[in-house]
1. Return yes or no: is Ser95 crowded, with 16+ Cβ neighbours inside 10 Å, part of a strand (DSSP E or B) and touching a Lys or Arg at 6+ places or on another chain (Cβ under 7 Å)?
2. Report every pair of residues separated by at least 6 positions or lying on different chains whose Cβ atoms are under 7 Å apart, first residue within the stretch 1-30 and charged (D, E, K, R), second modelled with pLDDT of 85 or more.
3. Within the bounds of the stretch 71-78, is there any residue that is at pLDDT below 95, of a type in the set (Val, Ile, Thr) and more than 18 Å from Pro130 (Cα to Cα)?
4. What are the residues in the stretch 63-88 that are crowded, with 18+ Cβ neighbours inside 10 Å and of a type in the set (Val, Ile, Thr), if any?
5. With over 21 Å from Glu30 (Cβ atoms) and under 17 Å from the mean Cα position of the chain (by Cα) as the only criterion, which of Phe98, Phe113 stands out?
6. Scan Gln54, Gln36 and give me the residue that is exposed (fewer than 15 other Cβ atoms within 10 Å of the Cβ), at pLDDT 90 or above and farther than 22 Å from Ser131 by Cα.
Amino acid sequence: MELLITLGIVLAFTIPVILLLLSVTSVGYENTAMAQAEASSRSLADNMNFVYAQGPGAKRLILLNLPASTEEIYAANGEIVVRIKTSTGTSDAVSPTFAKIKRSDPITKKGLFTLVVQTNDDGEVELLEPS
């Protein structure tokens, strides 16, 4: 009986501490994911500007590392958007470009992958998945 009471008291103090640590870790993970999404968005925008400045026919292969909570990436209206899912809903990491962007379908990949940025004959920059 004494052992059961002692074990119950230990569990009563241990479980709330573990739950608190898990919630703090979750908030830190979301901040890291948002920072990673913003860095990827900036990198993609910089590469699109670089390819646009080179003119028609220019092409570049980019290696991106996006968080697991990424929902989509798209380029339109002079900006690159990386949308991630958070505990409060969705959050967008947006970076502006001066390049003329050809609107493309959203890309839904996560983790480490490559994308192709190229300028077409009309001088518009396209964001494509490598084939």
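1. In short, yes.
2. Glu30/Thr86
3. Of all residues in the stretch 71-78, those at pLDDT below 95 come to 71-78.
Then keep just the ones that are of a type in the set (Val, Ile, Thr); that gives 73.
Narrowing the set further to residues that are more than 18 Å from Pro130 (Cα to Cα) leaves none.
So far as the stretch 71-78 goes, no, none of its residues is at pLDDT below 95, of a type in the set (Val, Ile, Thr) and more than 18 Å from Pro130 (Cα to Cα).
4. Thr70, Ile73, Ile80, Val81, Val82, Ile84
5. Checking each option against the conditions leaves just Phe113.
6. On the way: Gln36 fails: exposed (fewer than 15 other Cβ atoms within 10 Å of the Cβ).
After applying the criteria, what remains is Gln54.
The values are calculated or read from the model by the stated rules, or taken from the named source; none is laboratory data. Note that the structure is predicted; figures quoted are calculated from it, not measured. In this analysis, Cβ positions are derived from the backbone assuming ideal geometry, glycine residues included, and neighbour counts consider all displayed protein chains.
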